[in-house]
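Reviewing the structure listed below.
Each value in this text was obtained by applying a stated rule to the coordinates, not by laboratory testing. As the structure is a prediction and not an experimental result, all values here were calculated from the model. Using ideal geometry, Cβ is built from the backbone for each residue, glycine included, and neighbour counts are taken over all protein chains shown.
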Amino acid sequence: MNKNKFISVALLAFCPLIVNADPILSIGGSQTVTSADYEVGFDPLGSQQGVTTSSYEEDGLTFQAVIGSFQLTCQVNLCGGFFQNSSGPGILYNAGRGVRISATDGSLLGLVELVLGTGYGGSSMPGYFQTYRDGSLTGSGAFVAQRGSFINVSDVDGFDELRVGSFISTCTVNIGPDASCAAATAIDNVYANALGVPEPGTLALLALGLAGIGASRRRNV
């Protein structure tokens, strides 16, 4: 392999580290994450019916209400067939404008998957997501899904906070934290992965490639 090809290979290996991309949202009827750094099932909430709190922590993740407080209870429409794919005795329910999810130690997250439900009837569930990093909005979107759908948000650049919420089925405009629609967000089975760290071998390959570029430039001067 000549020097120019070696430099090209080194830069190609580095490409995934420097590409900027918007967050990716996917919605499905089954879990896609098979291995996670954080796994939260809210099972301890099964014995706290009717309790209200401003935040909740479990397995390294912190959950806060976008507006208002969490009402740790399981209403009729949140359980059974109205909240499919939920498992265990507990869920996290908020009658406000959604849930804020972050790593308790402030680490960047690269992916969050959860089951999203709503306390209102109807076949459809309007919802939204927002990602933040260092207090700045980095991505957002609105969607309509079936209640109990798996919502997966990922970003190669990472985020330190994910906000997600759901509304009554008749909500069709301005779907987001400022929507005037009635809201009743419920989540369960949260899986999250920390933002990936470059492997030492990849960093070494990058260093060799940059060194080769520098040497090539000096020879061509």
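At a glance:
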item: Relative contact order (%) - criterion: Cα under 8 Å, at least six apart; region: the range 93-151; result: 34 percent
item: Other-chain or far-sequence residues with amide H under 5 Å of residue 92's (modelled H); result: 187
item: Cα gyration tensor, the range 89-163 - rounded (a/c under 1.5), prolate or oblate; result: prolate
item: Net charge over other residues, Cβ less than 14 angstrom from the Cβ of residue 160 (K, R count +1; D, E count -1); result: -2
item: Local electrostatic count at residue 120 - Lys and Arg +1, Asp and Glu -1, tallied over other residues with Cβ under 15 Å; result: +2
